[in-house]
Amino acid sequence: MYIIGILKWKWEEIMIEKFEQTKKILKDQKQEQILEYPIRNKEEFVSEVLKINFEELNKLYDKAIKNEKVKNSKIEPIPYIEKDKLSEERKEYYKKIGENIIRNNEYAVVTMAGGQGSRLGHDGPKGTFDFGLENHKSIFEVLCDRLKEAYKKYNVYIPWYIMTSRQNNEDTINFFEKNNYFGYSKENIYFFKQGELPVLNDQGKLMLNKEGNINTAADGHGGIFVSMEKEKVTENMKQKGIKWVFIGPVDNVLIKMVDPIFIGICQDKNMLAGGKSIIKAYPEERVGVFCKKDGKPDVIEYTEISKEMAEMKNDKGELVYAESHINCNMFNIDIIEKISKNKLPYHCAHKKIEYLNKEGQVVKPEEPNAYKFEAFIFDAFKMLDEMAIFRVKREEEFAPIKNAEGKDSPKTALELYKNFYSNR
Ligand code: UTP
């Protein structure tokens, strides 16, 4: 009893000291206003603040408010292979190579499911969303169907790694548990959490989240490489002998996570990575397109591309910059390791982010109120000399769910999904 009392007293003393240290850091960083808010758990708060790299955060905020533009680079079109133009023999050739890789247990799939899904506004991880199928399958189940199909064809359980965030990790795992892993092999499904960064309000100040702790957000899909390294995913893959890894988003219900032709092309062309593209529907479409920037593979965003470049046509009358990046990419395991040694740059997004006010009420802003910092997966492409760009058909592989209504919504995705499966 006496010893417990002493330990408790010691612990309290340490906590008081740590809290004083935290207060000093916050004061030095001109962030002491956060102490006026209803912090729910002092211990957690202290540990969160001590983790923050204020130097990096301050730089990101300065860059965000200055709205610094990217430097001028030399942009050129990137060569690509069009699936539709491949002969049957060629397709068969690549397919065989890819199938061998799958059968040899050298292939893995990663689904990026750490996003906030703020535009969709679904209450829960995006993958748990029921987008309107009669059988009420969730997005996760629809994705898993693809792996089950592959199992039937190749008699191989392709390992499936799911990247979550601190905010949705528990709900995601519980959903898989509750649904009995959709009948897939539980031993071959792995979850790992991505990194996060504090969000800053318009004045560059820290905020509290609804739990009364520091408000943070996932650090973007480009955080995947560092997270794979940190969470020992890459190590786990290497132990299994994985050579090729497909990395794709959670929110495309027509995603082809197992495409032996694509795997075969990457392997046959001795590439370290590949990316699927679909042809840009019209010059002003708000999509990023693959290109070469200063001689390296890259993606030029719709906000960066000039009107002239977006409308440029070749002598066949086709758009020159037409290879839309759909976030379905393939990486060799060695390059994943190399990329993860370098932190990708952060980009800033001005978003609506809920927070706790001084009275302890949750505020849901109507307008963007805070800056979120995210790394983009395609910033990794510039570390490569070449990439295999594989143009596939939009109606066969692209049905995104981004918005609650209108373009790229559950309604449009459902229609595309049904059309695809009724024509199969
Ligand atoms: P989006 O860029 O569309 O973002 O993600 P989002 O967070 O899902 O949705 P909004 O912008 O808040 O409405 C594209 C893919 O990248 C994943 C998403 O889960 C989605 O599969 N992603 C995005 C992450 O895994 N982590 C992130 O930090 C961001």
Open item on the list: Within the stretch 158-195, take every residue that is within 12 Å of the ligand (Cβ to nearest atom) and aliphatic (A, V, I, L, M) and give me the one that is nearest to residue 118 (Cα to Cα).
Closed with: 163
Task: Breaking point among (1) in a strand (DSSP E or B); (2) free of Cβ contacts under 8 Å to residues at least 40 places away in the same chain, for residue 181 - done: (1)
TODO: Tell me, please, whether a residue that is away from the ligand (no atom under 12 Å from the Cβ), assigned to a loop (DSSP other than H, G, I, E, B), at pLDDT below 95 and surrounded by fewer than 21 Cβ atoms within 10 Å (Cβ to Cβ) can be found in the stretch 149-157.
DONE: no
Open item on the list: I'd like the full set of residues that are farther than 22 Å from residue 400 by Cβ, touching a residue at least 60 places away in the same chain (Cβ under 8 Å) and not β-branched (Val, Ile, Thr), limited to the stretch 255-275.
Closed with: 260, 264, 266, 267, 268, 269, 271, 272
Open item on the list: Going through 417, 346, 421 one at a time, which residue ends up being surrounded by fewer than 22 Cβ atoms within 10 Å (Cβ to Cβ), touching a residue at least 12 places away in the same chain (Cβ under 8 Å) and not acidic (Asp, Glu)?
Closed with: 417
TODO: Being among the hydrophobic types (A, V, I, L, M, F, W, C), touching a strand residue (DSSP E or B) at 6+ places or on another chain (Cβ under 7 Å) and surrounded by fewer than 20 Cβ atoms within 10 Å (Cβ to Cβ) is the filter here, so list the residues in the stretch 354-395 that pass it.
DONE: 362, 363, 384
- [ ] Give just the number: which of (1) under 30 Å from residue 297 (Cβ atoms); (2) of a type outside the set (A, V, I, L, M); (3) in contact with a Lys or Arg (Cβ under 6 Å, 6 or more places away or on another chain) does residue 368 not satisfy?
- [x] (1)
Task: Complete set of residues in the stretch 81-126 that are of a type in the set (Phe, Trp, Tyr) and surrounded by fewer than 18 Cβ atoms within 10 Å (Cβ to Cβ) - done: 93
Open item on the list: If residue 191 meets every condition in (1) assigned to a strand (DSSP E or B); (2) crowded, with 21+ Cβ neighbours inside 10 Å apart from one, which number is that one?
Closed with: (2)
- [ ] Name every residue in the stretch 167-208 that is modelled with pLDDT of 95 or more and of a type in the set (S, T, N, Q), in order of residue number.
- [x] 168, 169, 172, 174, 179, 180, 185, 188, 194, 201, 203
Open item on the list: Taking the criterion of being among the β-branched types (Val, Ile, Thr) and outside any loop (DSSP other than H, G, I, E, B), would at least one residue in the stretch 282-292 satisfy it?
Closed with: yes
- [ ] For the stretch 230-255, name all the residues that are more than 16 Å from the ligand (Cβ to nearest atom) and not basic (Lys, Arg).
- [x] 234, 235, 236, 237, 239, 241, 242, 244
TODO: Among residues belonging to the stretch 108-126 that are near the ligand (Cβ under 7 Å from one of its atoms) and of a type in the set (D, E, K, R), point out the one that is nearest to residue 403 (Cα to Cα).
DONE: 119
Open item on the list: Between 202, 259, which is over 23 Å from residue 299 (Cα atoms), more than 16 Å from the ligand (Cβ to nearest atom) and charged (D, E, K, R)?
Closed with: 202
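The values are calculated or read from the model by the stated rules, or taken from the named source; none is laboratory data. Computed from a predicted structure; not experimentally measured. Cβ sites come from the backbone with ideal geometry, for glycine too, and all protein chains shown count toward neighbours.
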